[in-house]
Structure formats: structure tokens, C-alpha cells
Amino acid sequence: MAELVHHGQRVDAIDPLAREVGVSDRLHCRQSGTSGAATTLTGVTHDLAERLDRARAATRAAGIDALLVSPGPDLAYLTGYDAKALERLTCLVLPAEGDIRLVAPGLEKAAALASPVADLDIEIVTWQERDDPYALTASLVPGASRLALDNHMWAEKVLALRHAMPAAEQSLANRVIAQLRMRKSEVEVGHLRDAGAAIDRVHRRMGEWLRPGRSEREVARDIGAAIIAEGHTQVDFIIVGSGPNGASPHHDVSDRVIETGDAVVVDIGGTNAAGYCSDCTRNYVAGAAPDSEYVEYFEVLAQAQAAQRAHSRPGVTAASVDVVGRDIIAAAGFGEAFLHRTGHGIGLETHEEPYIIAGNDLVLETGMAFSIEPGIYLEGRHGARIEDIVVITDDASEVLNTTAREYALLV
Ligand code: ZN
Ligand code: ZN
């Protein structure tokens, strides 16, 4: 995903494409199981009890009285329950001490029971239509003075919880949960590897669709169908930036018709059945050779991205990965054209911690997965970005995207 693309903008922009390929929304597509109500990700049903234990230990260590986690990636990570995000409150109540409960609407009880929650040491506490679920939640954490709420909780729920527990200080649960989520287990790395291989298969087929005379939107429609066909259950985003549109990192698609000689940035990703995301950018040139300046800076970009991959290993900081590539690009005179940070973590979300950016002194550890995606953008003309997902191993890093990084001339 392009670094300047805000998550919300991205989803809004790509929804029409997703619908065109028969993909309505993440929840719908990620449902599985036989009851029709079950919302279980196939990839997060292992070691859930251990995750809950670690979350509780981290909660205690942070001096937090309870974590409150509403439907979203944090709840899926901790419980395997990919619950619907609705106006009715569903909320995991994970106290530093005492029983773990899931507050759920009565009509969602079957879905919760069909999820891994049923096999965990979690009591499901249901509420009926005329009950106050916020007062119910407050009653489960009597005397709590420090609550941590998941970062994606809807504002109306945050404010209702504040109203129900006015004496409790609210903070973001990310400081606890992100620490867990960014260190992937081997099983999680396997799911990311599968997602990477699936998106690589789509890039390998680009010559079927991308050529002069077709619009970015037409090409994107074909890419969307292939993202599903090659092993995802959901299209997350499709960027086809041709010619001058490639110089805008947050371009999605447009009706611009690709011209002979255009450089085209294609940045695509989806979510697989296990709930893990892919994200890979490759560059194509349509019909005829690109101009000499593109050839010049593409070489610089490729060197920078290769240096960043080689540098990624345990013990170096996230910031240093950014610096290694940025210095190469700046030394070649294109520093001003590298508009964004180097990358983002990836897992159950396309963008999550760790962020590969100047100032982030986080020391990389085994199991951390993130994108390396430097770009060079010449406004009004063209641009290029090379993006791979890498996972830190015990002594180096594994690159999950393996297609050629050189731009491909499609004729
Ligand atoms: Zn990307
Ligand atoms: Zn990305």
C-alpha cells in the first residue's frame, strides 16, 4: 500500500472495484464455518490461550486494570472471533486479574459460540435489546481506574464507556496489543508467506491486462478478479498509476487511458482466508521503452530498496532501514522525490506496527513483518515504487515477494 494512502481513503476508493469482483466487505468475505453465523479466521485459531495470557501479563505490567476490545483485528487476534462491527456493543473484557468475559448482544451469541471463543476460558455475557450494555460492562470491572480501549473502537462506544465509568481513565490498548501482534509466530509468518505468493502470482500475470489503449480502471478490474482467483478472499486495494498518475503515491485508479511508453506503478493487495494481508508494488512500462530519466532513477530506486532489504535483520532499528535507502536516493539527487516513509508492518491489517520511518528507534526482532517500499516521484511526469514484504528471521530477513523487481516492458 502506498505510504501516503490513508486507510479510510483507501477503502472508500477501492470499494467499487471490490464490488465489481463480487467482494462486498471484509466481514462477509471472511466468514467461514458451517453455521453461516460463524466468524472464524482459519489462521488465528492456534495458540489463542497463550495470546490471552500474554495480553493479560502485558496489561498488568502496564498498570492497566482492564483491556476493552471491540470487533476488529485486535479481537480477532486475541480470540479468533471475527465479530461483526455493529452499533450494538460486543466487547472483550480482559482484566488484569479475574475472569475474562465477552459482552455480546443476545442475537450475536450463536456467532460467538461458533467462534473459538467457545473453546477458550471466556464467559459470554449477553445483553438483550433493552439492556444497557455499557453499564453491564462497567459492572464487570468494578473499581477499575485505568482502562485501555482498542484503537479501532468506534467513538460512540468510547464515549458511552466513559459515561458509564466516569472515574476511569481511558487510554489506547495499542501499547499492549501491538507489542504482541508485531511479533509474528511461525504460523502467522506462514500465512503471510502464502499471501505474498498469491499476490506475486497476480503480478506475474500483468501482461494479460496492462497495455496501451486500456484505461487504468479496466486493468484494475481484471487485477481485482485475479487477486481473488489467485488465493485471496478479499481485494483490499488496487493502485494503477499510469504516466503522471504514477507520480502520486496515493493515486488509486482513474479513467486515464494508458499510452505507449507510459511507466505504470501497480500496487495491489488482498486478504487471504486466514485473515492475513498481501501488499506488493511492481512497475511496468507499456508498449515502448521509457524515457532516459525514468531509467536513471529506477536504477537508483532499485539499489536503495535492495540495500534496505539487505540491512533488515534482528538488532537494527526501524529507523535505520529507512535511512539506508533514503541516503542512496538523496545522494543521487532524488531525495526530495522520495515523499514518504519506507514502510509499515503487516499482518491481520495491511498497515500496522512496526512503522519503518525516521525516528522510530524500535529494534527489529525475529518475527516482525513489514514492507520496504521506497519510491521516487516526479510530479507531472511519472514515478516508481518497489515494494516487498520482509520478515525478520533469527539472523537476517526473509523476503516474501519474489517476482523480478526490474520494471517490466510489456509489449
Ligand atoms: Zn503497497
Ligand atoms: Zn505497503
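The values are calculated or read from the model by the stated rules, or taken from the named source; none is laboratory data. On a predicted model such as this, the values are computed, not experimentally measured, just so you know. Don't worry about glycine lacking a Cβ; one is built from the backbone with ideal geometry, like all the others, and counts go over all protein chains shown.
Please list, ordered by first then second residue, the pairs with beta carbon atoms under 6 Å, 6 or more apart or interchain, first in the stretch 344-357 and closer than 18 Å to PHE237 by Cβ and within 14 Å of ligand 1 (Cβ to nearest atom), second part of a loop (DSSP other than H, G, I, E, B) and of a type outside the set (Asp, Glu).
HIS344/HIS351; GLY345/MET182; THR350/MET1
For the stretch 207-242, enumerate the residues that are under 21 Å from ALA384 (Cα atoms), without any contact (Cβ under 8 Å) to a residue 60 or more places away in the chain and touching a helix residue (DSSP H, G or I) at 6+ places or on another chain (Cβ under 6 Å).
TRP209, VAL240, SER242 - these are the residues of the stretch 207-242 that are under 21 Å from ALA384 (Cα atoms), without any contact (Cβ under 8 Å) to a residue 60 or more places away in the chain and touching a helix residue (DSSP H, G or I) at 6+ places or on another chain (Cβ under 6 Å).
Output the residues belonging to the stretch 173-198 that are over 15 Å from the mean Cα position of the chain (by Cα) and either under 22 Å from TYR407 (Cα atoms) or not in a helix (DSSP H, G or I) (or both).
Residues satisfying the conditions are ALA173, SER185, ALA197, ALA198.
Could you grab me the full set of residues in the stretch 380-389 that are buried (at least 24 other Cβ atoms within 10 Å of the Cβ) and in contact with a helix residue (DSSP H, G or I) (Cβ under 6 Å, 6 or more places away or on another chain)?
Those that are buried (at least 24 other Cβ atoms within 10 Å of the Cβ) and in contact with a helix residue (DSSP H, G or I) (Cβ under 6 Å, 6 or more places away or on another chain): HIS382, GLY383, ALA384, ILE386, ILE389.
Restricting the stretch 235-292 to residues that are assigned to a loop (DSSP other than H, G, I, E, B), in contact with a Leu (Cβ under 9 Å, 6 or more places away or on another chain) and farther than 23 Å from ARG204 by Cβ, which is nearest to ligand 1 (Cβ to nearest atom)?
The extreme case among them is PRO249.
If I filter the stretch 199-221 down to residues being surrounded by 22 or more Cβ atoms within 10 Å (Cβ to Cβ) and farther than 20 Å from HIS232 by Cα, which single residue comes out as nearest to the chain's Cα centre (by Cα)?
The extreme case among them is GLU216.
Can you find, within the stretch 128-159, the residue that is nearest to LEU172 (Cα to Cα) among those that are touching a strand residue (DSSP E or B) at 6+ places or on another chain (Cβ under 7 Å) and surrounded by fewer than 19 Cβ atoms within 10 Å (Cβ to Cβ)?
Only one residue fits best here, namely ASN151.
Can you pull out every residue in the stretch 304-325 that is away from ligand 1 (no atom under 16 Å from the Cβ) and touching a Gly at 6+ places or on another chain (Cβ under 7 Å)?
Answer for the stretch 304-325, where residues must be away from ligand 1 (no atom under 16 Å from the Cβ) and touching a Gly at 6+ places or on another chain (Cβ under 7 Å): ALA304, ALA307, ALA319.
Taking the stretch 301-333 as the region of interest, how many residues are touching a Leu at 6+ places or on another chain (Cβ under 8 Å), hydrophobic (A, V, I, L, M, F, W, C) and buried (at least 21 other Cβ atoms within 10 Å of the Cβ)?
3
Do we find that GLU336 is away from ligand 1 (no atom under 13 Å from the Cβ), surrounded by fewer than 22 Cβ atoms within 10 Å (Cβ to Cβ) and not in a strand (DSSP E or B) in this structure?
Criteria met by GLU336.
Take the residues in the stretch 351-379 that are buried (at least 23 other Cβ atoms within 10 Å of the Cβ) and among the β-branched types (Val, Ile, Thr); name whichever of them is farthest from ARG183 (Cα to Cα).
Going through the qualifying residues, I end up with ILE376.
Residue-by-condition table, conditions (1) farther than 13 Å from ASP388 by Cα; (2) within 14 Å of ligand 2 (Cβ to nearest atom); (3) not assigned by TED's automatic domain parsing to the domain that holds GLY190:
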{"site": "ILE268", "(1), (2), (3)": "no, yes, no"}
{"site": "ASP279", "(1), (2), (3)": "no, yes, no"}
{"site": "GLU296", "(1), (2), (3)": "yes, no, no"}
{"site": "GLN305", "(1), (2), (3)": "no, yes, no"}
{"site": "HIS311", "(1), (2), (3)": "yes, no, no"}
{"site": "PHE334", "(1), (2), (3)": "yes, no, no"}
{"site": "GLU352", "(1), (2), (3)": "yes, yes, no"}
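Which of (1) hydrophobic (A, V, I, L, M, F, W, C); (2) touching a residue at least 24 places away in the same chain (Cβ under 8 Å); (3) not assigned by TED's automatic domain parsing to the domain that holds GLY347 does ALA167 not meet, given it meets every other one?
(2)
Please enumerate the residues belonging to the stretch 60-93 that are farther than 18 Å from ALA160 by Cα and assigned to a strand (DSSP E or B).
The one that is farther than 18 Å from ALA160 by Cα and assigned to a strand (DSSP E or B): TYR81.
Given the structure, is ARG130 modelled with pLDDT of 95 or more, assigned to a loop (DSSP other than H, G, I, E, B), basic (Lys, Arg) and assigned by TED's automatic domain parsing to the domain that holds LEU75?
The answer is yes for ARG130.
Looking at ILE376, ILE389, which is the one that is in contact with a Ser or Thr (Cβ under 7 Å, 6 or more places away or on another chain), within 16 Å of ligand 1 (Cβ to nearest atom) and either farther than 30 Å from ALA173 by Cα or part of a strand (DSSP E or B) (or both)?
The conditions single out ILE389.
Looking at the stretch 138-157, which of its residues are out of contact with any Asp or Glu (no Cβ under 6 Å at 6 or more places or on another chain), under 21 Å from ALA58 (Cβ atoms) and not in a loop (DSSP other than H, G, I, E, B)?
Listed by number, the residues that qualify are LEU140, LEU147, ALA148, LEU149.
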